[in-house]
Every structure is written in C-alpha cells, then in structure tokens.
Amino acid sequence: SQTIHQWPATLVQPVGSPLSLECTVEGTSNPNLYWYRQAAGRGLQLLFYSIGIGQISSEVPQNLSASRPQDRQFILSSKKLLLSDSGFYLCAWTVGNNSPLHFGNGTRLTVT
Amino acid sequence: GESVGLHLPTLSVQEGDNSIINCAYSNSASDYFIWYKQESGKGPQFIIDIRSNMDKRQGQRVTVLLNKTVKHLSLQIAATQPGDSAVYFCAENKADSWGKLQFGAGTQVVVTP
C-alpha cells in the first residue's frame, strides 16, 4: 500500500532563517505531488504541484519554493522565512487524474 | 470569485444520531467533489468522493449527496460515534486541473455522549 511521510512534524524557526521540509511517497511510481498550506482554523490552499521530476508549478506568489529531485520526493524551501510563513504545511499525492488526493500528517511551522 | 463554503462552522451531534454536514459551491465548472476528515494535528483523511454525473454515493456509514441544481453538497454520517469528532472539509476540483482542490473552511463536528 502507498504511504506518505513528512518531516519534521513540528518546527520553530526564527525570522530570516532558511527552511527545508521533506515529503516522500512510498508504494507508487510517478505520483503527482502537491504542497498545501493550512492557516489556523481554515481550509487548505494549494502552493505547488509537480507532475514529474524537476517539474514544479507554483499556484501563488510567495516566499517559498519547491523542488522534486527524485520521483517520490518533494521538498518545500525558503531562503529567508517571514512571520507570515507560519502555518501547517501538508504534502499530498495522487496517481493520475482520476484518484483522490491523499495527505501526509503535515508539518507545523512556527516562525518567531 | 467562485468558492466552496460551508453553512455551519460547528455541529454538535449526540452519539448514535445521524450527522449531516452541508457545503455550498459556486463554481459550476467543478466536476469532482471530495469530503475529508481532519483530526487535530493530523492531515486530512479522505472519506468519500463523488463526480458530477452522480447524485449520490454511499460508503461505510457515510453518504454523499450532490445537488447540482442548487450547487449543494452534503455528507451524512450514520450512527455517529465519538471517533467521528473532527473537522470536515468539502473540496471541489475540475477535471482539467486535477489535484488543485478548492477547500471550504470546514465544519467542526462534536459528538456528545
């Protein structure tokens, strides 16, 4: 069966520091991968998605970037964090265009 | 702009009763709808989905109803249990932008004994 892993689970970082969040998927090949952000008490907002290695699409202008160095690895990064980058970051995957998104358990990021 | 929204922010349900969570959407181009359950500190968990060519779909203790005429989606949970306490999100998607889900704000379901 397929599983998705995100780490770390929680992270506290000072303003201006770099960020790297990792997501890996097991049990499937060539998944579509997504990064979503969830503000407290709110729904999810799509940040980036990828349909293959090295292919990244950004949905909203922001202080973050994404990369996909391997088929089942998706990374969310920032060179300098802002206070507004605080939130719950969720990685998700799907296979093709007829299956639902499945989410990881997220990373709670607090920028201080 | 077009959006997905929920009617009630909090729903209190007695254990054993049926729950109904409602969702309104305004994007008539959406053709795929999903319900997720999110427990505190965890990622959303897929519950059930429905395509726009269907009116109803049933799963284990859950039923999703889609009324395209009034752009309304609902999730029914039969015999609600304490483990059903969570935030429930509806989300919509268009076939030409698969995976780019538009989420509602969520409904908190609280199951009371």
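The values are calculated or read from the model by the stated rules, or taken from the named source; none is laboratory data. Quantities reported herein were computed from a predicted structural model and do not represent experimental measurements. Counting neighbours? That spans all protein chains shown, and the Cβs are built from the backbone with ideal geometry, glycine included.
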Restricting the search to the range A:70-99, which residues are over 14 Å from A:Thr28 (Cα atoms) and either part of a helix (DSSP H, G or I) or not hydrophobic (A, V, I, L, M, F, W, C) (or both)? A:Ser77, A:Ser78, A:Lys79, A:Lys80, A:Leu83, A:Ser84, A:Asp85, A:Ser86, A:Gly87, A:Tyr89, A:Asn97, A:Asn98
Taking A:His5 as meeting all but one of (1) within 14 Å of chain B (Cβ to nearest Cβ); (2) more than 24 Å from B:Ser97 (Cα to Cα); (3) not in a strand (DSSP E or B), write down the number of the exception. (3)
Restricting to the range B:54-99, count the residues that are buried (at least 17 other Cβ atoms within 10 Å of the Cβ), within 12 Å of another protein chain (Cβ to nearest Cβ) and assigned to a loop (DSSP other than H, G, I, E, B). 2
Unique match (being out of contact with any Pro (no Cβ under 9 Å at 6 or more places or on another chain) and modelled with pLDDT of 90 or more) among B:Gly104, B:Gly83: B:Gly83
Extreme residue, nearest to B:Thr10 (Cα to Cα), among residues of the range A:43-61 that are within 13 Å of another protein chain (Cβ to nearest Cβ) and assigned to a loop (DSSP other than H, G, I, E, B): A:Gly43
Which one is modelled with the highest pLDDT, of the residues in the range B:24-36 that are within 24 Å of A:Ala40 (Cβ to Cβ) and away from every other protein chain (no Cβ under 11 Å)? B:Ala24
Filter result for the condition that a residue is closer than 25 Å to B:Lys94 by Cβ and either part of a loop (DSSP other than H, G, I, E, B) or modelled with pLDDT of 95 or more (or both), over A:Ala66, A:Ala40: A:Ala66
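Matching residues to (1) surrounded by 14 or more Cβ atoms within 10 Å (Cβ to Cβ); (2) touching a residue at least 24 places away in the same chain (Cβ under 8 Å); (3) more than 9 Å from every other protein chain (Cβ to nearest Cβ):
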site	(1), (2), (3)
A:Ser29	no, yes, yes
A:Asn63	no, no, yes
A:Arg72	yes, yes, yes
A:Leu82	no, yes, yes
A:Thr94	yes, yes, no
A:Gly104	yes, yes, no
A:Thr107	yes, yes, yes
